[in-house]
């Protein structure tokens, strides 16, 4: 359960859409005066609701057009193995997301790269990182939806 009210949610939604908004523009957008809006933003940062502010870079324009979803299976499930594997995978710059899964797949990676050869170089680094019982790769043919904004309207806000 969170302690967000409608103003907090409006602030978060506006900042998810445009993290460069000034406090004046943000306060106008959410219907608060500047000082209370600024105090709410500071509280949201301090409480961890706002983790970071970033610029989203177009991966195709910078030469990283290929997205690959990599399913990893392993026979090792002890804490030491996971710690070493997690450290190795998080150090690979191609990995955009890294999830421990339930079901048939143990780990799922979202990887971006330059091309098939770039993925092959990544794959060779991955299989050196730890003992794996299986690696399966699925290349994204087309990105149909992409969003970094959380669907805040799905969360109850104590209203």
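Write down Rg/Rh for the chain, rounded to two decimals, with Rg from the C-alpha atoms and Rh from the Kirkwood relation over Cα pairs.
Rg/Rh: 1.08.
Sorted from fewest to most neighbouring beta carbons within 10 Å, what does the list 153, 45 look like?
Listed from fewest to most nearby Cβ atoms, that is 153, 45.
Helix 79-90: angle to the longest alpha-carbon principal axis of the chain, degrees 0 to 90, nearest 10?
Value to nearest ten degrees: 70.
Whole percent per 5 Å bin, from 0 to the bin with the longest distance: what is P(r) over all C-alpha pairs of region 102-159?
Histogramming region 102-159 at 5 Å steps yields 4, 11, 18, 17, 14, 13, 8, 7, 5, 3, 1 percent.
Sum -39500 (n - 2.57) across every DSSP H segment of at least 4 residues in the chain, then divide by the residue count to get the 222 nm mean residue ellipticity, nearest 500.
Theoretical 222 nm ellipticity from helices: -11500 deg cm²/dmol.
I'd like the distance between the alpha-carbon centres of region 1-51 and region 86-115, rounded to an integer number of Å.
Value for the Cα centre distance between the two parts: 32 Å.
With axes computed from alpha carbons, what is the tilt in degrees of helix 116-129 against the longest principal axis of the chain, rounded to the nearest 10 within 0 to 90?
80
In degrees, nearest 10, range 0 to 90: what is the angle between the Cα axis of helix 34-46 and the longest Cα principal axis of the chain?
30
Since every read-out is calculated from the coordinates, none of them should be taken as a lab result. The structure displayed is predicted, hence computed values, not measured ones. Positions of Cβ are generated from backbone atoms using ideal geometry, with glycine treated the same way; all protein chains shown enter the neighbour counts.
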